[in-house]
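Encoded as structure tokens, the structure appears first; notes follow it.
The values are calculated or read from the model by the stated rules, or taken from the named source; none is laboratory data. This one's a predicted model, so the numbers in the text were calculated from it and none came from an experiment. Because the Cβ atoms are built from the backbone with ideal geometry, glycine has one as well, and the counts that use them run over all protein chains shown. When the accessible area is computed, the model is the full protein with side chains, heavy atoms only, and any ligands, DNA or RNA have been set aside. Shrake-Rupley method; radii C 1.70, N 1.55, O 1.52, S 1.80 Å.
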Amino acid sequence: MVRLVLGHSRQLMAARGQLEQQHSIQAMIAEEVPLGQTLDAICLMLEDQLHGGLCSIMLADDEGRELRLVAGNSLPVGYREALGAVPIAAGMGACGSSAHDRDVVVCEDLENDPRWKGVRTLATREGLRACWSYPVIASDGRLLGTFATYYRRPARPDGTELEMTRQAVDLVALAVEREQDRRSLWESEQRYRSLFAYNPDAVFSLDLRGHFATANDHCSALTGFPVEQILGAHFSQFLQPDDLAHVQQKFEITAAGEPCCYELQIPHRDGKVRRLDITNLPIVIDERIQGVYGIAKDVTQRREHETRLRILERGVEASVNGVLIADAGEPDLPIIYANDAFQRMTGYTREEIIGRNCRFLQGAETDVAAVQQVRQQLARQCEVHVTLCNYRKDGAPFWNDLYIAPVRDEEGQVTHYVGIQHDISERKAYEARLAYHASHDALTGLANRALLEDRLVHDFELARRQGHLLAVLFVDLDEFKPINDSLGHAIGDQLLLGVSQRLSAAMRAGDTLARLGGDEFVVLLPDLHHDEQALQVAERLLALIARPYRVGEHELSLSCSIGIAVSSSEVSQPNELIQQADMAMYLAKQQGRNAYHWFTPEITHRLGDRVALRNELQEAIDVQAFELHYQPLIDRQGRVVGVEALLRWPNPIRGYVSPAQFIPLAEETGQIIPISEWVLSRACHDLRMLDEAGQGILNVAVNLSPLQFHRSSFLGNLRQTLAVTGLPAPKLSLELTEGVLMNDTESAIDTLHALRGMGVGVAIDDFGTGFSSLSYLKNLPIDTVKIDRSFVNEVTHSAEDAAIIQGIISMAHHLGLKVVAEGIEHEKQHDLLMTHGCDLFQGFYVARPMPLERLIEFLDATQPVSAGE
Ligand SMILES: Nc1nc2c(ncn2[C@@H]2O[C@@H]3COP(=O)(O)O[C@H]4[C@@H](O)[C@H](n5cnc6c(=O)[nH]c(N)nc65)O[C@@H]4COP(=O)(O)O[C@H]3[C@H]2O)c(=O)[nH]1
């Protein structure tokens, strides 16, 4: 009985001891003592309960493939070290098998247990003979590991031992699970912390009233406020007033459980505005919304980029230049983009070209060298700028001013090529037109002087090298000017066109036909073998020109004079040939026209000076190097009543060249027209000056060239000159020679009537030298006759001349005309002319021609004293 009681109380003691041990282990678990210590304690506890048992714990890896020893300090060191990783599989000792079978495995004697086949020696060498292994299963059924009890003798557990072991296993499961839970909680906390701390965006949470509960460092960067200042603050403090309502609404939506995204601009502490992309998420804990998470992405730069990109894209789209982008990553550089201008320029739609290489724009006239240049530069990945002929879809060519540039990525690799093309067809056409006009005569389309000179140099050089002859024919139309002046420019132009067509038709390939202006043409005949060939051509041209012309209703006849010069060893400069031909032409004209003349060196001496004079005269015209002098006219009372304007040409080498010398030349060359216009406007202008200088408005007589008088623009120009200078028409008198009126009487009389209508006076100059009789004067609307100097000169010696003068004066008076005597050099002449009733007097006796300044002095000194007194 005592023994029974003793046994009982010992059992109770043991049970209490076990309970205490279990409690202390549970306390360890609750206090989160490191798992290893807890498991060691569990092993020790069971070893204490099972006599002779050596406990160990193995934990399964995450994949459930193998077991590793984590506790079992009582096991022999050699065994522990050799144990390593035990595969979870049937027949892998007690632990491998129980983990595999998820059941208790009892190996009573390891010596003959088939499940220890591979590892038997390992155990028995360390004196281990029995092993029972329990699987450790988590509450959710996962395999956590195994709990094994070893014995140094064959053994099998009884019911109590099994029960004690099961309790220990439960404690292991609890400890391991707790540890795992703690770990996963910690991990998830870490994860959350990482998401929060390392997030490149601002992450924050708000409580349900909208106050910041958490905020990462980026919130500070975004707002400029330290995190401490953000925490606890209401979100409204970081907004612009206008956005409050909107953001509040979004907040409420999220606080009601609905995530939302929106864009927002907030002011940074530095004053600049940041653009944010905001995501609001509800914070749901235990199915209750506890607050709002916010993620704010700073999209300020991205939006700026996007805006810039949009502007750029719009710019490219709207550009008037064609823009192409090709993919440099593909071997054939396919087009990946083309703007509208490209489509308009080429006629191709985007769909038709995307994916193709842009060589479809090339065609027959495309410059191969330019294409080659593009290829080379692209191969070098360099920019290239070329102008080349491209073709539109309809086949029409256009000039493409093309600029291609590579586009590189951050690493400097060329990813694309951008091509900008500019249709410069119009400019090219304009340039071609300009080039054409620079080298061609506008009226006839023939070569002009510039092109002629180019060809001349070329032909001259070629003839010299090949030992051939180059002939130059200078063709000048006879009597073209009168036709032009009388029938008008339109008819004149038609005639010139007709002439140029006939001449062109007579040219051979290689010949050059040029118009130098006016009625002058030049023919270059390169590649001649004999001089006669040039003569034959000249004869042919004479005959061609001489055939009648029909222009409108006019039947016209024309002839020409041709000068011929042929290259020879004496001619060193090509231009000499033109000058020689010009001189020869002049002789042909003198021969009676409709003729040709061959250049000989003697002509140079005869005509050289004339040519030089003509050139110098042209220079003088170009720079307006003339002067106008005035010779006073006095009336019978000796009062200065007018002046005659006389042209002076101060030549730097020749001194003052007499108008008698250069006016006839200017008449012949047509240079008289610009000269006369200058004289007329200068004279009117000077007389107005005189008036302004207090001299009153004197009459001024201006010599009129026949060519000027016959021009259709004459009256118009005159009216304009009077209007511009303000000289009253009656103060102007125009001096004409008789010859002028004889040529084309009808139209001349019309012009005279028009002049009278304007109030402009007309005087017949050099009267008495022409073939006209006084009687014809009565038909002319003129005011004055000027008795020629030759009569005045003789008036005191020759009774005959005196009689002529007397006759002229009385007849003129009879017709109501005034009479001026010019060239009076002596008092006697003056007196005699006075006696004969002459009205006005002009000559050295009165005053020599003088410049305007001297005239003013003269007038000051003489008025009102009579000249000659
Ligand atoms: N021996 C001598 N000569 C005198 C005397 N008084 C004047 N003269 C000169 O006689 C010429 C008179 O001009 P003209 O018969 O119209 O003859 C002018 C006129 O036909 C022409 N001429 C001059 N100026 C112009 C002009 O502006 N236009 C045109 N178309 N012809 C002009 O050139 C001619 C010569 O002009 P100039 O050499 O200036 O010569 C002037 C003048 O200097 C004198 O007492 N004795």
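Tell me the carbon and sulfur percent of the accessible area for the stretch 199-303, rounded to whole percent, probe radius 1.4 Å.
Numbers: 2880 of 5610 Å².
Carbon plus sulfur share of accessible area: 51 percent.
Over the Cα atoms of the stretch 139-276, compute the convex hull volume and normalise it per residue, giving Å³.
Numbers: hull volume 25.3 nm³, N = 138.
Spelled out: Cα convex hull of the stretch 139-276, divided by residues, is 183 Å³.
Note down, for the stretch 382-454, the three equivalent ellipsoid semi-axes (square root of 5 times each alpha carbon gyration tensor eigenvalue), biggest first, whole angstrom.
Working: eigenvalues 323, 44, 11 Å².
Equivalent-ellipsoid dimensions as semi-axes: 40, 15, 7 Å.
Could you please put R610, R547, R310 in sequence from largest to smallest accessible area, using a 1.4 Å probe? Numbers along the way, then the final one.
Details: R610 45, R547 125, R310 145 Å².
Reading off the accessible areas and sorting them downward yields R310, R547, R610.
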Subject >> Kirkwood estimate for the stretch 440-599, i.e. one over the average of 1/r between Cα atoms, Å >> reply: 15.7 Å
Original post:
For the stretch 106-151 and the stretch 366-411, what is the separation of their Cα centres, given in Å?
Top reply: 83 Å
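With a ≥ b ≥ c the root eigenvalues of the C-alpha gyration tensor of the stretch 621-862, is it rounded (a/c under 1.5), prolate (a/b larger than b/c) or oblate? It would help to have the intermediate numbers written out before the result.
Values: a/c = 1.41, a/b = 1.16, b/c = 1.22.
In terms of gyration-tensor shape, rounded.
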Original post:
Hey, rough spin-label estimate for H529 and Q624, points 7 angstrom out along Cα→Cβ, what's it come to in nanometres?
Top reply: 5.7 nm
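Based on DSSP H runs of at least 4 residues, each adding -39500 (n - 2.57), what is the mean residue ellipticity at 222 nm of the chain after dividing by all its residues, to the nearest 500 deg cm²/dmol? Mind showing how you got there, number by number?
On the way: 30 runs with 393 residues, N = 869.
Dividing the helical sum by the residues of the chain leaves -14500 deg cm²/dmol.
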Original post:
Accessible surface of H234 in the full protein assembly, 1.4 angstrom probe, to the nearest 10 Å²?
Top reply: 40 Å²
Subject >> Relative contact order (%) - the chain, alpha-carbon pairs under 8 angstrom, separation at least six >> reply: 5 percent
**OP:** Report ³J(HN,Hα) in whole Hz for each residue of the stretch 146-158, in order, from the Karplus equation J = 6.51 cos²θ - 1.76 cosθ + 1.60 where θ = phi - 60°; Gly and Pro get x.
**Re:** 9, 10, 10, 10, 9, 10, 8, 9, x, 7, 9, x, 8
Original post:
Going highest first, how would you order 235-245, 316-326 by mean Cβ packing within 10 Å?
Top reply: 316-326, 235-245
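Counting only C-alpha contacts under 8 Å and six or more residues apart, can you give the relative contact order of the stretch 199-303 as a whole percent? Intermediate values should be presented prior to the final figure.
Details: 204 pairs, mean separation 29.2, N = 105.
With pairs under 8 Å counted, the relative contact order is 28 percent.
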Original post:
How high is the FRET efficiency from Q248 to E317, r the C-beta distance, R0 41 Å, rounded to 0.05?
Top reply: 0.55
Subject >> Cβ-derived FRET efficiency at R0 30 Å, H385 paired with E330, nearest 0.05 >> reply: 0.80
**OP:** Pull out the extension gain between Y436 and R288, defined as 0.36 nm times the separation in residues minus the alpha carbon to alpha carbon distance; nm, one decimal.
**Re:** 44.2 nm
**OP:** Determine the alpha carbon to alpha carbon distance for each of K481/K778; K731/K786; K250/K297; K393/K428 and list only those over 22 Å.
**Re:** K481/K778
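Would you mind calculating the gained length between S810 and H458 on full extension (0.36 nm times residue separation, minus the Cα-Cα distance), in nm to one decimal?
119.9 nm
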Original post:
Near the amide H of A328, under 5 Å away, which other amide H atoms are found, from residues 5 or more places off or on another chain, if H is placed in the peptide plane?
Top reply: H416, Y417
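Once the other residues with Cβ under 11 Å from the Cβ of L503 are scored (Lys, Arg +1; Asp, Glu -1), what is the net sum?
Numbers: positive: R502, R515, R540; negative: D511.
Within the 11 Å Cβ shell, the charges total +2.
Using only alpha carbon pairs under 8 Å that are at least six residues apart, calculate the relative contact order of the stretch 621-862 and give it in whole percent.
RCO, the stretch 621-862: 20 percent.
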Original post:
Which far-off residues, 5 or more places away or on another chain, put their amide H under 5 Å from the one on V70, with H placed in the peptide plane?
Top reply: I57, M58, L59
Subject >> Shape call, the stretch 319-429: gyration tensor on alpha carbons, a/c limit 1.5 >> reply: prolate
Original post:
In whole angstrom, how far apart do the alpha carbon centroids of the stretch 157-226 and the stretch 791-869 sit?
Top reply: 135 Å
Subject >> Simple label model, 7 Å out from Cα along Cβ direction - H268 to E426, nm >> reply: 4.8 nm
Original post:
Cβ under 14 Å from D766's Cβ, D766 left aside: what net charge do those residues give with Lys, Arg +1 and Asp, Glu -1?
Top reply: -4
Original post:
On full extension of the chain, what length is gained from V641 through S790, given 0.36 nm per residue of separation minus the C-alpha to C-alpha distance?
Top reply: 51.3 nm
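In the stretch 523-602, carbon and sulfur make up what percent of the accessible area (probe 1.4 Å)?
The value for the stretch 523-602 is 47 percent carbon and sulfur by accessible area.
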Subject >> Burial order of peptide ranges 359-365, 577-583, 730-736, 185-191 (average beta-carbon count within 10 Å, highest first) >> reply: 577-583, 730-736, 359-365, 185-191
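Return one whole number: the accessible area per residue of the chain in Å², for a 1.4 Å probe. Spell out each step's value before the answer.
Working: 44350 Å² over 869 residues.
Value returned for the chain: 51 Å² of accessible area per residue.
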**OP:** Note down the nm distance, to one decimal, between modelled labels 7 Å out along Cα→Cβ at R308 and at D367.
**Re:** 3.6 nm
Subject >> Rounded to whole Hz, the Karplus (6.51, -1.76, 1.60) HN-Hα couplings of the stretch 110-118, x for glycine and proline >> reply: 5, 4, 10, 8, x, 6, 9, 3, x
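Give, as a single signed number, the net charge of other residues whose beta carbon lies under 9 Å from the beta carbon of L628, with Lys and Arg counted +1 and Asp and Glu -1.
0
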**OP:** Treating cross-link reach as a plain straight distance, find the aspartates and glutamates whose alpha-carbon is under 18 Å from the alpha-carbon of K828, omitting any fewer than eight places away in the same chain.
**Re:** D635, D788, E794, E800, D801, D839, E869
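Order of 345-358, 829-842 by packing, highest average Cβ count within 10 Å first? If you can, show how the numbers build up before the last one.
Details: 345-358: 16.0, 829-842: 19.9.
Averaged packing, sorted descending, gives the order 829-842, 345-358.
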**OP:** Starting from the Cα of E692, move 7 Å in the Cα-to-Cβ direction to define the label point; list residues of the stretch 703-743 whose amide nitrogen is under 16 Å from there.
**Re:** 722-728
Original post:
Once amide H atoms are placed 1.01 Å from N in the peptide plane, what residues at a sequence separation of 5 or more from V657, or on another chain, have their amide H within under 5 Å of its amide H?
Top reply: W649, N651
Original post:
How big is the convex hull of the Cα atoms of the chain, per residue, in Å³?
Top reply: 377 Å³
